[in-house]
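Read through the structure below, which is laid out as structure tokens, and then see the notes.
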Amino acid sequence: MENKITKKKSFLNDTFLFSILSVALGLLVGAIALILSGHNPITVYAALIDGIIGKPKYIAWTIIRATPLILTGLSIAFAFKTGLFNIGAAGQYTLGAYGALYCAIMLKLPWFVCLLAATILGGIWGAIPGFFKAYFNINEVITSIMFNWIGLYLVNELIYQNGTGPMYDVRNTRTMNLSKNADFAQSLIPDFGLNKLFQTNSTTIAIFLAAAVAVLIWVVLNKTTFGYELKAVGLNKNAARYAGINEKKNIILSMAIAGALAGFGAGLFYLSNVSQWNPLNSTSLPAMGFNGISVALLASSNPIGTVFSALFISHISVGGSFLSTKFYPTEISDLISGIIIYLCAFSMLFRGKIQSLLFRNAEKTNVNAEPAPAAEKTKKEGK
């Protein structure tokens, strides 16, 4: 009986299996939606795949878009693992972008120093909600949402300055293009021949740096005392305090590390010269911050899993953007992504319900079970 229960528990805890099932169901529901709208799902999915791997530059754009998603997904996942909900990744990403661009444009510093500045600013912006949570018990969701908008307006004002900001290019209504000025060359992340291989201008070693950080976070959470303490505070801060762990310090550190990861992701994106910051866009936060929630959910908050879930979501998004709008609805990629994420969230809920029912039935079985006769026990021991 115990072996059966153990097998069921291991099946329910198989997060990879649940993620694969969510993806499969998402694609199935997407196919049904396409049939109902009068489209052949096989044709649309073939066009979607062609938009991903049809040309080297399509593969490159998938990698480029996945890089910051890995870091924002890690930011959300790290906070989840430590019992916090970091919905402020967008604001931390914004501050990280400003730190990287300021060091590149104004100070003309090497790319790794610019990345460090982005990480520090993102970490500071994440630590503030953590401070309010630790010392005033203010929900981190509320404070991080507020700091998302404060960060956006602050950065926009620092860059724009009524059109006279030194980082602002009036003609393009964005920050200066790092690739068009030789003075900024040292601030760009090196590509080591990847741009030539993929026929792009923005494919750098950023994806490898992101993957390395994912491995580092996995090691910290699962193989260090520091990671154990962070998770202990997340599970039960009162018990952690009783065990001698400083729960206030660890809450602040958790949010600071989560913010630093989001800031690092912004640095990787903008120092690869994928895009420039537009300070006139004051009505919407960077989508990368909120898409990180999808990445973390699909990966079940596994740091290594965020790499693959970010690549998958980037695949779907990039492939959808290359669909011919004349024949296919480009919204299909958003539909599939949304369904998959909802299924991942519901699978976590259902898993918890099934586990609680399983344990309840197991307890009833153990209570009703008759004890083995003493003579039989003695014989078994003698053998």
Footprinting proxy, R174, R241: sorted fewest to most Cβ within 10 Å, the residues are R241, R174
Protection proxy (average C-beta count within 10 Å per residue), highest first, orders 123-131, 248-256 as 123-131, 248-256
At a 10 Å Cβ-Cβ cut-off, how would you order E247, E157, E140, fewest neighbours first?
E157, E247, E140
Under the 0.36 nm per residue contour assumption, what length would be gained going from the current alpha-carbon distance of S284 and N246 to full extension?
10.0 nm
Set of region 132-153 residues, backbone N closer than 12 Å to the point 7 Å along the Cα-Cβ line of F85
139-145
Region 43-354 shape via C-alpha gyration tensor axes, a/c threshold 1.5
oblate
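Only the coordinates and a few stated rules stand behind these numbers; no lab work does. As the structure is a computational prediction, the values presented were derived from the model and not from experiment. Note: ideal-geometry Cβ built from the backbone for every residue, glycine included; neighbour counts use all protein chains shown.
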